1. How would you classify the stretch A:86-191 from its alpha-carbon gyration tensor, with a ≥ b ≥ c the square roots of the eigenvalues: rounded for a/c under 1.5, else prolate if a/b is greater than b/c, otherwise oblate?
2. Please list, in chain and number order, the residues 5+ apart from B:A280 or on another chain whose amide H is under 5 Å from its amide H, with Hs placed from the backbone.
3. Across peptide A:122-134, what mean number of C-beta atoms from other chains lies inside 10 Å of a residue's C-beta?
4. Averaged over peptide B:418-425, how many Cβ atoms belonging to another chain are found within 10 Å of each residue's Cβ?
5. Rounded if a/c is under 1.5, else prolate if a/b is larger than b/c, else oblate: which is the protein assembly as shown, with a ≥ b ≥ c the root eigenvalues of its Cα gyration tensor?
6. Report the Cα centroid-to-centroid distance between the stretch B:399-438 and the stretch A:228-261 in angstrom, as an integer.
7. Given H placed 1.01 Å from N in the peptide plane, which residues other than close sequence neighbours of A:A129 have an amide H under 5 Å from its amide H?
8. Net charge around A:L11, counting only other residues with Cβ within less than 13 Å of its Cβ (Lys, Arg = +1; Asp, Glu = -1)?
Amino acid sequence: MRRVRRWGPGLLLVSPSIVLIAVFVYGLIGWNVKVSLSDWRTAEKTSGWAGLDAYRDLNSDPAWDESVHHILVFTGTFIVGTLFFGLLLAFLLEKGVRGEGFFRSVYIFPLAVSFIAAGVVWRWLMNPAPGDRASGLNVAFEKLGLGFLANDWYLSLDWGMAAMAMPAIWALSGYIMALYLAGFRGVPEELREAARMDGASEWRVYRHVVFPFLRPITLSALIILGHISIKVFDLIVAIGGKQLITQTPAVYMWILIYDARDYAEGAAIATLLLIGISILVIPYLVYSVRAERRA
Amino acid sequence: MPRVRFPRRRGRELRVTAARLALLCAIALLFVPAAGTAGPQASSCKLQVFSWWTGGGEAAGLTKLIKTWNRNNPSCPFKNETVAGGAGTNAKAVLAQRLAAGKPPDSFQGHAGAELRDYIKAKQVLPIDSIYRQYGFRKAMSKQLLNQITYKGHIYSVPVNIHRANVLWYNPKVLKKAGITAVPKTWSQFIAALEKAKKANVIPLSMAEQWTAKHLLETVMIATIGPTRWAALWKKGGNWSSSGVTTALNRYKTLLTYTNRDAASLTWQDAGKLVVDGKAAFNIMGDWQDGYFSGSKAGDNLALKPKVDYNWAPVPGTSGVYDWLSDSFTLPKGAPHSTAAKKWLGFLGSKKAQDQFNPVKGSIPARTDANPRLYGPYLKWALRQWKTNKLAGSLAHGVVAPNAWAADIDTALGLFLNNRDVERFQTALVNAAKKRAT
């Protein structure tokens, strides 16, 4: 009885969470996987077993290839861009400037703007209309004499999704800046002093003392950005609507379920997205739990 | 080392706090039901009608219908369950959830034709042949229309209106400036006119996002192969690999070279506005474009003068063909108030309701006995055409292709817009037909 008294109240406290998560997260994940392996391919609900049919159909589907290609370009640009700007902003702020609080807030505010609202504004900014119908950034470039920079933005066949990543970079850089700022500030000043006393230039202090401290932060930032980017949906729909030229896996899943009523194939995409994110997140979780145990 | 024990007193305090908290929560729950039923108990009958008519002329038309219904049926007033969002994309999703949960409305809006097939196959809507008999609808609607909305011998919806998709919109001033003396009627005349527009430095044919490209595709196909072969394509064994289809796709490819390169970033209204602003010569769009051009500024329309600021003609090659689509209402299975629901459908198919709704909405009635005096210039023309034209069902608006097939065509079209490879496009269309035709 005494043992129960030790962990009883604790268990009672977390049991609602455990039950809710078991049902609404893992239970529904299981149901989703079950649907993806079923033969429910039309509006009529059927619950036969179809094995990996939906996955095979997805594999030979050119729309899926396009979606994956798009999300890879988007993810690559988004991660590199956000890490770069986040690091740059943190670097500029880390030694302390006048009005640092103000600047920090300004850079973090975009995170509070929903992707839909940001998407609508960026859709206007990235208007690809050519010539005398140009507006948004294209006409700004013209007026500044930088006309050669005007381009098709998110309609470009090769780099359209990179343009699509711009609003996402704008939104998330502040968050990464906050991560890196904490990281910079976590470097003990004595180490920097010691390096300077040994004759290192400021740049070498950064390169050999400070940046190695930021590696774990970069890793966690990569994970966070990766899983946001794989699922991206509302930004794409706000800017590009429902068209193949800007389609991503999440958008295709939406089309398959609500328009084509191909529930198994939609569930297959959901499962693949989950697996993709797990490949990123689970090793990281294992690594960080082990690191905590060691500490 | 002293063994750490959970002190008895601390445990007791925790249990008391937990008990107090539980009591508070239980009391709080007692207030929830009171908060739920704000107001008096719901009356026994409310006609729940589900649609996506939330803006402009559609909402105004619906309001008129609601007033008339409420006046004639005070025992079962109208409960308007609309969901906003372009062309019903959001509404269809919400509806799908309600139907799956077994909580259907008393009636819901759907495009007449193949789009309803998913609901029919899932047994979510009931056949309403008896309502057609009771109210004599078969005599009031064109035989061609009734044929095209009958599925396996039964009818499942009452069409309220008819829209035309194969309309060529143009700006008379732009045509004059470009030296286009006559509105093109054939394919070669069309190309010649587009060339003249190009030389005059205006966009020859304005287009918008991908669904409008599909809309353009269907008009080109109907113009090239004609309505009979078009209808045959959508039945089992339809020949998508025919040379007629190849010609149509090649013509489509040529037309695309005359469109604006930023089409995918425009809405259909943007593309129409290019024409009336003098920046484009032609636009091919359904006749809701007339509603946008001539409607009131209060409804976010352009309030232009028909035949002066803009004019129209059938898409070149489709004169005498009505590429139709229709908003219609259904009888869901398990409708909560089925007597009222059936009465609603009878009301919708009546001359009074259709002549009340359509002039405001910007479409013509599905019935053939409309009063033309109630309708504006474009609609008067459309009414005359409807009486004599041959019907071809729309692809982009749910008449000929069920949802899954339409989605396959979307994919094939999206890829074609990227790579402009006619052979691959045709192969994809052939495969889609093989997979989806029933």
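Since every read-out is calculated from the coordinates, none of them should be taken as a lab result. Predicted model only: the values in this text are computed from it and were never measured. Methodologically, a virtual Cβ is constructed for each residue, glycine included, from the backbone with ideal geometry; neighbour enumeration extends over all protein chains shown.
1. prolate
2. Long-range HN contacts for B:A280: B:I203, B:V275.
3. Details: counts 0, 1, 1, 0, 1, 3, 7, 8, 3, 2, 2, 6, 1.
The per-residue average across the peptide is 3.
4. 1
5. It comes out oblate by the Cα gyration axes.
6. The stretch B:399-438 and the stretch A:228-261 have Cα centres separated by 19 Å.
7. A:S135
8. Here the charged neighbours net out to +3.
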